[in-house]
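This report concerns only the one structure given below.
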Amino acid sequence: MLKQKIHARYLQLVNDKIDVFRDMISGLADDAQSDAKGSAGDKHETGLSMMHLEQEKLSFKLRECLEQKAVLDKIDPNSGHSRIGIGSLVKANGILFFVSLALPKIAVDGTTILALSPNSPLGSKLMSQAVGFTFEINGTSYEIQEIN
């Protein structure tokens, strides 16, 4: 149940970002259209260039969020794992890790969850491991206690 809530919260987080970026891009397009009707000259061209650059930045961020959503959409939060893979919820030293993407830390039902990419140093150490595996990161020893 916790894993489904975590997955849903991260999906909501990414969907909210997608909505914000789409709204910002739409707002810039509207501003550019209304600005085009009432302005002329160099200042107008500079303003349009700045809006276009901002629109490109936002479009890049939107693409990143859509890619994150695609990864989360592929995860089945109802599946169990005996070895760590993408979508695993891993408990090590009492810390919960959601192996998926590098996303912000969240709290679900009073429990803190750290999302990590399988390509991160910690994520790559965890991939394909099972309960009981011990490892060390930055001088701290960890033991995998649970995998869901």
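I need a count of the residues in the range 122-148 that are over 21 Å from residue 1 (Cβ atoms), of a type outside the set (Lys, Arg) and over 17 Å from the mean Cα position of the chain (by Cα).
Matching residues across the range 122-148 total 18.
How about the range 134-148: which of its residues are within 15 Å of residue 99 (Cβ to Cβ), surrounded by 12 or more Cβ atoms within 10 Å (Cβ to Cβ) and either in contact with a Phe, Trp or Tyr (Cβ under 9 Å, 6 or more places away or on another chain) or charged (D, E, K, R) (or both)?
Once the filter is applied, which keeps residues that are within 15 Å of residue 99 (Cβ to Cβ), surrounded by 12 or more Cβ atoms within 10 Å (Cβ to Cβ) and either in contact with a Phe, Trp or Tyr (Cβ under 9 Å, 6 or more places away or on another chain) or charged (D, E, K, R) (or both), the range 134-148 yields 135, 142, 144.
Sort out which residues of the range 50-77 are in contact with a Lys or Arg (Cβ under 6 Å, 6 or more places away or on another chain) and assigned to a helix (DSSP H, G or I), and write them in order of number.
65
Does the range 89-106 contain at least one residue that is under 20 Å from the mean Cα position of the chain (by Cα), of a type in the set (Ser, Thr, Tyr) and in the same structural domain as residue 117 (by TED's automatic domain parsing)?
Yes, the range 89-106 contains at least one residue that is under 20 Å from the mean Cα position of the chain (by Cα), of a type in the set (Ser, Thr, Tyr) and in the same structural domain as residue 117 (by TED's automatic domain parsing).
Condition first: assigned to a loop (DSSP other than H, G, I, E, B), within 29 Å of residue 12 (Cβ to Cβ) and touching a Ser or Thr at 6+ places or on another chain (Cβ under 7 Å). Can you find one or more residues in the range 127-140 that meet it?
no
Of the residues in the range 78-115, how many are assigned to a loop (DSSP other than H, G, I, E, B) and either at positive phi or not polar (S, T, N, Q) (or both)?
The total comes to 16.
The values are calculated or read from the model by the stated rules, or taken from the named source; none is laboratory data. Predicted, not measured: the structure shown is a model, and the values here were computed from it. Note that we place each Cβ from the backbone using ideal geometry, even for glycine, and neighbour counts take in every protein chain shown.
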